[in-house]
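One structure is given below, encoded as structure tokens.
Since every read-out is calculated from the coordinates, none of them should be taken as a lab result. Keep in mind that this is a model prediction, so the values were computed, not measured. Cβ coordinates were reconstructed from backbone atoms using ideal geometry, including for glycine residues, and neighbour counts include every protein chain displayed.
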Amino acid sequence: MIPSDTDILVTHTPPVGHGDLCCTGVRAGCVELLSTVQNRVKPKYHVFGHIHEGYGISSDGKIIYINASTCDLNYLPSNPPIVFDITLPPGIKKS
């Protein structure tokens, strides 16, 4: 079970509708994962991979979805890493 106080969620599989469109035109994301992410967990960021051709960033206006797949369909590194900054909560210092 994914803890409900998660700010950055990292999974292998994407949720349906975000970074999950295959080259065949089929969406391969998980319906249950999308429901869990949007209705219960509500992280600020959801980072995943698995669907290499779905590389990129999308948002539903509340959650930022990041398909960080660096490889193409032939498993060759072709996509640059996605780097993003977050604001630390008050009282937390960067070490």
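Find how many whole Å separate the alpha carbon centroid of the range 68-95 from the alpha carbon centroid of the range 46-64.
The range 46-64 and the range 68-95 have Cα centres separated by 12 Å.
Please order I86, I8 by the number of other Cβ within 10 Å, starting at the fewest.
Working: I86 9, I8 13.
Final ranking by Cβ density, sparse to dense: I86, I8.
Most exposed first by the Cβ proxy, i.e. fewest other Cβ within 10 Å, how do D20, D85, D72 rank? Walk me through the intermediate numbers first.
On the way: D20 24, D85 5, D72 13.
Ranked by crowding around the Cβ, least crowded first: D85, D72, D20.
Among all stretches of the chain without exposed chymotrypsin sites (Phe, Trp or Tyr not before Pro) (DSSP loop, at most 11 other Cβ atoms within 10 Å), which one is longest?
Details: sites that count: Y75, F84.
Answer from the scan: 1-74.
How large is ³J(HN,Hα), in whole Hz, for each residue of the range 75-87 in order, when computed from phi with the Karplus curve 6.51 cos²θ - 1.76 cosθ + 1.60 and θ = phi - 60°, using x for Gly and Pro?
For the range 75-87, the Karplus curve yields 6, 9, x, 10, 9, x, x, 9, 10, 9, 9, 10, 8 Hz.
Report the percentage of all Cα-Cα pairs in the range 21-95 whose separation exceeds 19 Å, rounded to a whole percent.
Numbers: 1287 of 2775 pairs.
Counting every Cα pair in the range 21-95, those more than 19 Å apart make up 46 percent.
I need the phi-derived Karplus couplings for the range 42-59: 6.51 cos²θ - 1.76 cosθ + 1.60, θ = phi - 60°, integer Hz, Gly and Pro marked x.
Working through the residues one at a time gives 6, x, 6, 9, 10, 10, 7, x, 6, 8, 4, 6, x, 3, x, 10, 9, 8 Hz.
Determine which lysines satisfy two conditions relative to K62: a Cα distance under 22 Å, and not lying fewer than 8 residues away in the same chain.
Partners found: K42, K44.
Report the normalised scattering of the range 1-61 as log10 I(q)/I(0) at q = 0.27 Å⁻¹, calculated by the Debye formula with identical scatterers on the alpha carbons.
At q = 0.27 Å⁻¹ the computed log10 ratios are -1.20.
How would you order 1-7, 35-41 from highest to lowest mean count of nearby Cβ atoms within 10 Å? All intermediate terms of the calculation are to be shown ahead of the outcome.
Working: 1-7: 10.4, 35-41: 15.3.
Listed from highest to lowest mean packing, they are 35-41, 1-7.
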